[in-house]
């Protein structure tokens, strides 16, 4: 999908709270999360610990029948009433969100959408 993706590198700041500043990843990207579990209490004999990952974000399909399947934009946000949203609704561009976009979403990917003949042959 064409658009601005999150740069590679440390993105911990984007994962620390649920807001409208996301890691925008594409197929093949990897997000590695770790933490120090040595401070957790020991478990009783026979017990085992389960870790759960809570994720708060959005996933966009690349299905040709979905809204704007060939581009990253428009960015979703928690209070949107539908996706894709239409005017007057828009991504809440605050100074903090503009700084996030300028700092993190710097990896531009341009994808050419193949002509329909690619899939169905020449006419």
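Quick notes on this structure:
- Placing one equal scatterer on every Cα of the stretch 15-81 and applying the Debye formula, the log10 ratio I(q)/I(0) at q = 0.20, 0.24, 0.26, 0.28 Å⁻¹ is -1.00, -1.26, -1.37, -1.44.
- Normalised by the number of residues in the stretch 1-113, the average gap of Cα pairs under 8 Å and 6 or more apart makes the relative contact order 50 percent.
- Length available on full extension from residue 98 to residue 55: 0.36 nm per residue minus the Cα-Cα distance, which gives 13.2 nm.
- Convex hull volume of the Cα atoms of the chain, normalised per residue: 187 Å³.
- Size descriptors for the stretch 50-114, from the alpha-carbon set: Rg then Dmax equal 14.5, 45 Å.
Any read-out appearing in this document is the output of simple, stated calculations on the displayed coordinates, not a laboratory observation. All values derive from a computational prediction rather than experimental measurement.
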